[in-house]
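See structure below.
The values are calculated or read from the model by the stated rules, or taken from the named source; none is laboratory data. This one's a predicted model, so the numbers in the text were calculated from it and none came from an experiment. Cβ atoms come from the backbone with ideal geometry, glycine included; neighbour counts cover every protein chain shown. Areas reflect the complete protein model, heavy atoms only, side chains present, ligands, DNA and RNA absent. Shrake-Rupley method; radii C 1.70, N 1.55, O 1.52, S 1.80 Å.
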Amino acid sequence: MDVENCIFCRIVSGAVKAAVVYEDDCTVAFDDINPRAPVHVVIIPKRHIDMVSDLKEKDAGMFGGLAIAANRIARIKGIADSGYRLITNCGKDAGQEVLHIHMHLLGGRKFAWPPG
Ligand code: 5GP
Ligand code: ZN
């Protein structure tokens, strides 16, 4: 994936606007443009990597940082106690649309299990 053409890299650079709810050295999080729940935040690393199947040992901290950010954002959004779901889609069958690895933080309602 060409970083110039990656919508999430363009959000990181500021070329595309997003409602940013959290940022640290390695991570940015913003409200999903097409929310599937009252709280739906997309959490991404600033460094481009396509998907989970591309992760290497050296990326463990980066990927773990997405979950730590989710923990903080859940508090910011007031859903830390009610609960929430973290989802990372990988590839075609999972329905991954944006090829820049990300974690969805969904909350504010009850979710079905198993997912559809
Ligand atoms: P995926 O299907 O790849 O796991 O999820 C990509 C998510 O990114 C979708 O929920 C989609 O609504 C969201 N998304 C795609 N483009 C944009 C954008 O330009 N801005 C924002 N805020 N969200 C986006
Ligand atoms: Zn990217």
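Taking 17 Å as the straight-line reach from the Cα of Lys110, the aspartates and glutamates in range (excluding those fewer than 8 positions away in the same chain) are Asp81. For Lys56, the lysines whose Cα falls under 20 Å of its own Cα, not counting residues fewer than eight places away in the same chain, are Lys46. Using the Karplus relation 6.51 cos²θ - 1.76 cosθ + 1.60 with θ = phi - 60°, the per-residue 3J(HN,Hα) values for the range 30-39 come to 8, 5, 5, 5, 10, x, 9, 7, x, 10 Hz, with x marking Gly and Pro. The Cα trace of the chain gives Rg and Dmax of 13.7, 39 Å, the first to one decimal, the second as a whole number. Estimated from helical segments only, the mean residue ellipticity of the chain at 222 nm is -7000 deg cm²/dmol, where each DSSP H run of four or more residues counts as -39500 (n - 2.57). This model, with +1 at the C-beta of Lys and Arg and -1 at the C-beta of Asp and Glu, gives the range 1-76 a dipole about its Cα centre of some 220 debye. Straight-distance candidates among the aspartates and glutamates for linking to Lys77, with alpha-carbon spacing under 13 Å and chain neighbours fewer than 8 residues away dropped: Asp31. Counting only Cβ charges, +1 for Lys and Arg and -1 for Asp and Glu, the dipole size of the range 46-116 around its Cα centre is about 340 debye. The H on the amide N of Val16, modeled in the peptide plane, is under 5 Å from the matching H of Ile11, each at least 5 residues off or on a different chain.
Working from label points 7 Å from Cα in the Cα-to-Cβ sense, the Arg75 to Arg36 distance is 2.7 nm. Surface exposure of the chain, expressed per residue as accessible area with a 1.4 Å probe, stands at 61 Å².
Shown here for the range 40-111: trypsin sites (Lys or Arg not before Pro) in loop regions (DSSP other than H, G, I, E, B) with at most 14 other Cβ atoms within 10 Å, namely Arg47, Lys56, Lys92, Arg109, Lys110.
Take every Cα pair under 8 Å whose residues are at least 6 apart in sequence, average their separation, divide by the length of the chain, and the relative contact order is 30 percent.
With the full set of protein chains in place, find how many percent of the accessible area of the chain is carbon and sulfur; take the probe as 1.4 Å. Solvent-exposed carbon and sulfur of the chain make up 53 percent of the total.
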